[in-house]
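*Asks:* Here you go, one structure.
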Amino acid sequence: MSRLRMGVIGAGLWGGNHAHTFNVLPETELVGVCDLDEGRALKMKETYRATRAFTDYQKLISSDQIDAISVATPDFTHTPIILAALKADKHVLSEKPLATTVSEAEEIAAAAAKSKGKLMIDFHNRVNPILAQVRDMIQDGQIGLAKHGTARLSNTTFVPFEMLSWAAKSSALWFLGSHLVDVLRFILADEVVRVYSVARSGTLSAGGVDTKDFHASILEFSKGTVVTMENSWILSRDNPSLVDFKIEFVGEKGQVQADPTHSGGLRRIVDGGLKYNDYIGITPTGATRIGGFVLESIARFVDSVVRDAPLLADAQDGLANTKILAAIEESVATGKAVSIG
């Protein structure tokens, strides 16, 4: 069987996860990698044994040696890359969010409907074993109808100040809220119909990153569930993990609580205090396998192309996600609740 020939655009942290997966899976061949920074592109080519390195994504997409691409570039850069790849009838895996405006997300969804290529959004928490179990509990009716809930996905200040060079062009809402909104839609199997949100600034801008410190939002779902959602980039660096992730639902017959922040069974006490190591997201495997939900999500894209398996999340999921996040931003700007059609 011929292997799916892959190109990865974006040589940062997450692009490395894509390149590693495509380098390991027996169904794929990592042909090309691309980054605006030639040095980073060449380093990724060497690390993951790709055939070619590019600095122009158009040249990578136009190569007849590449069947599919993955997009692991900053939040606000996805649209032109995805559109070019779909126009070329390439299969596309894109990191979240699909786009940062509704009009761009609609344009991508329309292009995906016309293209011979498949488009999947990498909402990897859909295969997070903790959250998949929460979905099963909710959908099995174990707590009855979920009446209300809380959802928190936030970062310490390390992320906007040090990890992301482009943090000022994004926010905790787009970087983290895109994941959390999808998780809520996935768990509840329901759509958001109205949002109300407030945000504040000052802490990040004082440190030179001109974006919102946090968004605190209320999401109303069509079946009646109300969820209070927090996305912050100003948590203390004294936290044992740079991520704080918690979800709770209160139902007619009980409650379900999830804390996928860290793997509590493995702890380190070092300079700076208590730290947690991940052993769920990425786990050790043999030479031709991958492990953990982070990489499993990327592998699901390969399944969808090679085996015609269902997409983990499609263009319509990405469009719905962007509509909700845009409505939250509109609510912050107007001070009013915003309905989503």
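*Asks:* Wrap a convex hull around the Cα atoms of the range 205-341, take a quarter of its surface area, and give that in square nanometres.
*Replies:* 13.6 nm²
*Asks:* Quick one: net charge of Phe245's neighbours, Cβ under 11 Å, K/R +1, D/E -1?
*Replies:* Summing Lys and Arg as +1 and Asp and Glu as -1 gives -1.
*Asks:* Let me ask you something else. Quick one: accessible surface of Tyr57, probe radius 1.4 Å, all protein chains present, in square angstrom to the nearest 10.
*Replies:* 60 Å²
*Asks:* Something else now. Round to a whole angstrom and tell me the spacing of the C-alpha centers of the range 298-315 and the range 184-204.
*Replies:* When both Cα centres are located, 27 Å separates them.
*Asks:* Follow-up question, since we're still on this one. Give me the net charge of His215's neighbourhood, meaning all other residues with Cβ under 10 Å from the Cβ of His215; Lys, Arg count +1, Asp, Glu -1.
*Replies:* Charge balance near His215 sits at -1.
*Asks:* Further question on the same structure: Just to verify a number: what accessible area does His148 come out at with the full protein assembly present, 1.4 Å probe, Å² rounded to tens?
*Replies:* 90 Å²
*Asks:* Leaving ligands, DNA and RNA out of it, rank Arg52, Arg289 by accessible area with a 1.4 Å probe, largest first.
*Replies:* Accessible-area ranking of Arg52, Arg289, largest first: Arg289, Arg52.
*Asks:* Next question, about the same structure. Roughly what angle does helix 178-188 make with the longest principal axis of the chain, taking Cα atoms, 0 to 90 degrees, to the nearest 10?
*Replies:* 70 degrees
*Asks:* Could you tell me what percent of the accessible area of the chain is made up of carbon and sulfur, with a 1.4 Å probe and every protein chain present?
*Replies:* Exposed carbon and sulfur together represent 50 percent of the surface.
*Asks:* Could you please put Asp67, Asp75 in sequence from largest to smallest accessible area, using a 1.4 Å probe?
*Replies:* Largest accessible area first, the residues go Asp67, Asp75.
*Asks:* Only Cα pairs under 8 Å and at least 6 apart count here; give the relative contact order of the chain as a rounded whole percent.
*Replies:* Reported as a whole number, the value is 19 percent.
*Asks:* Next question, about the same structure. To the nearest 10 Å², what's Met163's accessible area with a 1.4 Å probe?
*Replies:* 80 Å²
*Asks:* Could you please report the charge total around Gly341, scoring K, R as +1 and D, E as -1 over all other residues with beta-carbon less than 15 angstrom from its beta-carbon?
*Replies:* With Lys, Arg at +1 and Asp, Glu at -1, the neighbours total -2.
*Asks:* Where does the range 38-184 land on Rg/Rh, using Cα atoms and the Kirkwood Rh?
*Replies:* 1.03
*Asks:* List the pair-distance distribution P(r) of the chain, using every Cα-Cα distance, as the percent of pairs falling in each 10 Å bin from 0 up to the bin containing the longest distance, rounded to whole percents.
*Replies:* 6, 24, 34, 27, 9, 1
*Asks:* For the chain, what is the calculated [θ] at 222 nm in deg cm²/dmol (nearest 500), taking -39500 (n - 2.57) for each run of four or more DSSP H residues and dividing by its residue count?
*Replies:* That calculation yields -10000 deg cm²/dmol at 222 nm.
The values are calculated or read from the model by the stated rules, or taken from the named source; none is laboratory data. Everything numeric in this text was worked out from a predicted model, so none of it was measured. Glycine also receives a Cβ, built like all others from the backbone with ideal geometry; neighbour counts cover every protein chain displayed. For accessibility, only protein heavy atoms count, side chains too; no ligands or nucleic acids. Shrake-Rupley method; radii C 1.70, N 1.55, O 1.52, S 1.80 Å.
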